[in-house]
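First up is the structure itself, then whatever we jot down about it.
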Amino acid sequence: MFRTALNRSFVHYYKKSAVTVRLVLNLFTMIEKKPFERLPKDVTPVNYKLRLKPDLLAFTFDGHEIVSLKVNKPTNKIVLNSIDISIKKATLTVGEKTEDAVVSYCMEDETATLGFAESVAAGDAKLCIDFEGELNDKMKGFYHSKYFTPDGEERYGAVTQFESTDARRAFPCWDEPALKATFDVTLVVPEDRVALSNMPVQVEKVLGDGCKEVHYLTTPIMSTYLLAFVVGEYDYVEGRSSDGVLIRVYTPVGKKEQGQFALEVAVKTLPFYKDYFGIGFPLPKSDLIAIADFAAGAMENWGLVTYRETALLIDQKNSSSATKQWVALVVGHELAHQWFGNLVTMEWWTHLWLNEGFASWIEYLCVDYCHPEFDIWTQFVSSDYMRALELDALHNSHPIEVPVGHPDEVDEIFDTISYSKGASVIRMLHEFLGDEFFKKGLNIYLNRFKYSNAFTEDLWAALEESSGQPVGRMMTTWTKQMGFPVVQVSQRQEGSKRIIMLKQEKFNADGSVDETDSSWYVPVSLCTASSPSTPVKKVLLLPEVKSVEVILDNVSAGEWVKVNPGTYGVYRTQYSADMLDTLLPAIKDKTLPPRDRLGLQNDVFALARAGKISSVEFLNVVKSFEQEDNYTVWNDLANNLDQLGKLLQYTDIDDAFRSFVCKLYQPIGEKMGWDPKENESHLDSLLRSLVVQCLAKSGDSKTITEAKKRFHSHCDGSCCLGADIRSPVYHTVLRDADEEVFDRVLKLHKEADLQEEKVRILRSLGSVKHDKLIQRCLQFAMSDEVRSQDTVFVIISATCSKLGRQMAWEFIKENWSELANRYSGGFLLSRLIMSTTYHFASNDMAKEVEGFFVDHPAPAAQRTIQQSCENIRLNATWRQRDESAIREWLAKNST
Ligand code: BES
Ligand code: ZN
């Protein structure tokens, strides 16, 4: 896949000699690079006795390990993973005999090789290693994290983040998911610190030098990437789930009540999964802990799940409904991994999606169970399904199952395809098989592979066994092939029968006709005006049959027929004009259910972007949403209008478009008002925040005035802003901010004690309009006031305006070496590149971005860069194609 992406850019640059030379050189280095190889299997680990002593002041650690090994094949060398670790001494003991090893390192492979004078015979052996390492500041491996005591003193703790390939930074090990072993961990830490690992403490000994030695119980057999240690100062709240598991939520000192919400979610979630999987929680305890410096959102270490503070802590007064919902989803996600991922682990990173796609699906099932009032499945359609389809329509997408080797390639697949497309195809399959068969199949799979590893095919085989359906054949078309189909639909009436014609072809974001001849097993359902939620017919399109006719009985002429009720099928639908016309009134009067209104609108938008229909048709559909009152439907529509708005920033119809959007939001804005109604629903709280944001952004003067007024009362202490409304208010006042207002917002940031509040402010800073303030915002992003993990949010926040987007890009170029070093190529860097460049809209910018990364390679962001550049070119084409039609439409439709 990687090679394909490179070839494509090679073709692009064919005629540009200077760039071509550089690319050819790159290509050569690629070819010269030896292919990635997994560790040799002649020697494999059985148990690690690991003792680590972090120095929280010098940021180093001492380590000692005794690894019990199986020598499977006689050999005179042992190759294991190790990087940024200095091995002081390594000896191998076989029976009575102990021999010193000669150690050599290979930086590129991230391995150490231990050489011995004589060949070691097959059988058991013990490897002892003394080593030293750095407690780094890169949020990976074993790293240090800064926190403040309640009276403001700055201190450091030590934390691990091993997924995917960074356990090797903490101790020499066989750092591959299939090389499972048991672990006996010992930590030596200052006496007054909390020290945690995956298992409960077995014994704790005070050493007398101010330190204590903590031994933990032996873990079950598990992968290295799931091991974890945390040393720091924490408070906790605890509870027990109905099935007897001790659950603790660790928070910063003095804030334990902020762990209460997550605790409640976890207490409900563990028994839910026990029932769903048919297997109890596999460990004696389950800790959830908030880490101040944390690159990802959360990490599923077995029995010790680590979280960003914003993904775990809820403050009664200052946390928004959106954060509550996010915490529930993240907890649901990570706890699902305790079975799916930790108990049964993918055999290799190619099957990462098994972990992430599955957890990204079941987190919704679990939140729907704990909080049905969130209507979370509708939100899934907007936040995962639609995002997946947008990315997967690019030529530079990749199949769900993708060959990967080197850690850079592994890092790169923690993306929307593995997560959101993975979750979407699981959801489609779950709907197709039904819950009972699906659950039974999962149980077979988990029992068959527990404490072991599995391939994607193993899951299909289990589901095939439980359901009798050809799951493997069907799902392979979804996981081994990139992209997805557009189903074209037309109809004719024959008496009381409606004949529906269905045809599939690959959907490409540029509207091009497919050259790859891809096709899928597509489960297609249909519903009608008389049965809007329950399908009246289900058919399975076969890959080899390109079109079918479906007969619906007793459907009168004029009655609407809709494809894909509930938006379960992973495909776009393109209706004939007459079918689409009959569906618009059903949007207006909301007889079409929310997920269908949302899905239809989003399909029309994607077809318009692809040039398969005109953007004007999308705008006509938008007008049918004037009476809309569902949060999620509005949110999805707002995303698309925002995307179109960003494109039109590069035209002279920017203002006309904004005033159209403004009018669209006014009725719902009136209805929602500014103040929460008594006992209002969770979704209405989200809707108010969204609508205020959209109205202010599109220039509604009443909303802007009110936001400013409320901001001032908030700052002078006369009236505190509710948590849900703060984000739109901060954005709004910053949009019109001068230096004084900007400083006031920075002051709020400084004074905020809750990380959520700090991040809320950081994410709105870039709304400022003046170049001087945008520059200040970008500088601030890199300052000590902002944690590295949040810097990217600040830079991204500047990309909402045309000027800010350009300045953010210049800033990234100027600060490239610092940024590349900070994130050392990881996924935060990919996200930063994607978000800053995605909305450019000219071919020249696409060339510029490509050119920059030829000179400044970002190995773990190669595909992301290709995707972004492809998108920039799509934007350019879209603008050229539809600008004048949109101009005319706006002239006619603005009153
Ligand atoms: N296993 C991941 C954490 C991870 C992400 C490790 C990237 C290495 C690289 C974890 O289960 C996860 O998926 N976390 C998500 C949050 C989740 C709710 C989608 C994250 O960190 O974004
Ligand atoms: Zn995950």
**Per residue, in Å², the accessible surface of the chain once ligands and nucleic acids are set aside, probe 1.4 Å** = 38
**Request:** May I ask you to give the percent of accessible area on region 58-195 that is carbon plus sulfur, with a probe radius of 1.4 Å?
**Result:** 50
**Asked** Could you give the angle, 0 to 90 degrees to the nearest 10, between helix 2-12's Cα long axis and the longest principal axis of the Cα atoms of the chain?
**Response** 50
**Fill in**
Rounded to one decimal in nm, the spacing of the 7 Å Cα→Cβ label points at Gln779 and Ser452 is 6.1
**Cleavage-rule hits, GluC sites (Glu not before Pro), region 485-567, DSSP coil, Cβ neighbours within 10 Å at most 13** = Glu515, Glu544
**Request:** Please arrange Cys719, Cys211, Cys106 by accessible surface area, largest first, computed with a 1.4 Å probe and ligands excluded.
**Result:** Cys719, Cys106, Cys211
**Item:** Apportionment of accessible area to carbon and sulfur, region 423-555, percent (1.4 Å)
**Value:** 51
**Request:** Express as a percent, rounded to the nearest 5, the fraction of DSSP beta bridges in the chain (both residues included) that run antiparallel.
**Result:** 80
**Request:** Work out the charge dipole of region 50-104 with +1 on the Cβ of Lys and Arg and -1 on the Cβ of Asp and Glu about the Cα centre, then indicate which of Val102, Phe59, Val71 is farthest towards its positive end.
**Result:** Val71
**Request:** Please calculate the 1.4 Å probe accessible area of His406, with all protein chains present, and give it to the nearest 10 Å².
**Result:** 40
**Prompt:** Could you give the length gained on full extension between Asn554 and Glu191, defined as 0.36 nm per residue of separation minus the Cα-Cα distance, in nm?
**Reply:** 123.0 nm
**Fill in**
The FRET efficiency for Glu37 and Thr591, from their Cβ-Cβ distance with R0 = 45 Å and rounded to 0.05, is 0.15
**Item:** Label-point gap, in nm, between Asp844 and Asp514 - each point 7 angstrom along Cα→Cβ
**Value:** 3.8
**Message:** Give the separation of the Cα centroids, region 215-241 to region 559-592, in Å.
**Reply:** 49
**Request:** Give, as a single signed number, the net charge of other residues whose beta carbon lies under 12 Å from the beta carbon of His839, with Lys and Arg counted +1 and Asp and Glu -1.
**Result:** +3
**Request:** Keeping every protein chain in place, order Cys777, Cys128 by accessible area at 1.4 Å, biggest value first, i.e. largest first.
**Result:** Cys128, Cys777
**Asked** Just how many % of Cα pairs in region 810-863 lie over 19 Å apart, if you round to the nearest whole percent?
**Response** 18
**Request:** Give me the percent of the accessible area of region 694-794 that comes from carbon and sulfur atoms, probe 1.4 Å, all protein chains in place.
**Result:** 51
**Message:** Given a Förster distance of 25 Å, report the FRET efficiency between Lys439 and Val545 from their Cβ-Cβ distance, rounded to the nearest 0.05.
**Reply:** 0.20
**Request:** Count neighbours as other Cβ atoms within 10 Å of each site's Cβ, and list the GluC sites (Glu not before Pro) in region 599-683 that are DSSP loop with at most 15 such neighbours.
**Result:** Glu626, Glu678, Glu680
**Asked** How would Val513, Val622, Val253 line up by accessible area, probe 1.4 Å, largest first?
**Response** Val513, Val253, Val622
**Request:** May I ask you to list the residues of region 678-717 whose amide nitrogen lies under 11 Å from a point 7 Å from Cα along the Cα→beta-carbon direction of Gln666?
**Result:** 700-702
**Complete:** Taking a label point 7 Å from the Cα of Ser718 along Cα-to-Cβ, the residues of region 666-690 whose backbone nitrogen sits under 20 Å from it are 674-676
**Request:** Considering Cα pairs under 8 angstrom that are at least six residues apart, work out the relative contact order of region 680-756 and quote it in whole percent.
**Result:** 30
**Prompt:** What net charge do the residues around Pro470 carry, taking every other residue with its C-beta under 14 Å from that of Pro470, with Lys and Arg at +1 and Asp and Glu at -1?
**Reply:** -3
**Inter-part distance where region 807-875 and region 598-660 are each reduced to a Cα centre, Å** = 26
**Request:** Could you state how much accessible area Met782 has, in square angstrom rounded to the nearest 10, with a 1.4 Å probe and all protein chains kept in place?
**Result:** 30
**Prompt:** Pairing the Cα long axis of helix 802-814 with the longest principal axis of the chain, what angle in degrees results, from 0 to 90 and rounded to the nearest 10?
**Reply:** 20
**Item:** Degrees between helix 352-370 axis and first principal axis of the chain (Cα, 0 to 90, nearest 10)
**Value:** 70
**Request:** Could you work out the relative contact order of region 351-420, using alpha carbon pairs under 8 angstrom and six or more residues apart, expressed as a whole percent?
**Result:** 48
**Request:** Can you send over the solvent-accessible area of Asp411, 1.4 Å probe, protein chains only, in Å² to the nearest 10?
**Result:** 40
**Item:** Contour minus Cα-Cα distance for Asp137 and Glu751 (0.36 nm per residue)
**Value:** 218.6 nm
**Asked** So what's the net charge close to Lys256: Lys and Arg +1, Asp and Glu -1, counting the other residues with Cβ under 13 Å from its Cβ?
**Response** -3
**Request:** Among the trypsin sites (Lys or Arg not before Pro) in region 224-332, which ones are in a DSSP loop with at most 12 other Cβ atoms within 10 Å of the Cβ? Mind listing them?
**Result:** Lys317
**Rounded to the nearest 20 debye, dipole of the chain from Cβ charges on Lys, Arg, Asp, Glu** = 1460
**Message:** Test of understanding: express the Cα radius of gyration of region 594-705 as a ratio to 2.2 N^0.38 Å, with N the residue count.
**Reply:** 1.08
**Theoretical FRET efficiency, 1/(1+(r/R0)^6), r = Cβ-Cβ of Asp235 and Thr877, R0 51 Å, to 0.05** = 0.40
**Complete:** For the chain, the Cα-Cα pair-distance distribution in 20 Å bins from 0, as whole percents, is 14, 46, 34, 6, 0
**Item:** Mean-position separation - Cα centroids, region 752-782 and region 378-409, in angstrom
**Value:** 30
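The values are calculated or read from the model by the stated rules, or taken from the named source; none is laboratory data. Note that this is a predicted model, so its numbers are computed, not measured. Glycine also receives a Cβ, built like all others from the backbone with ideal geometry; neighbour counts cover every protein chain displayed. The protein model used for the area step is the full one, side chains on, heavy atoms only, and it has no ligands, DNA or RNA in it. Shrake-Rupley method; radii C 1.70, N 1.55, O 1.52, S 1.80 Å.
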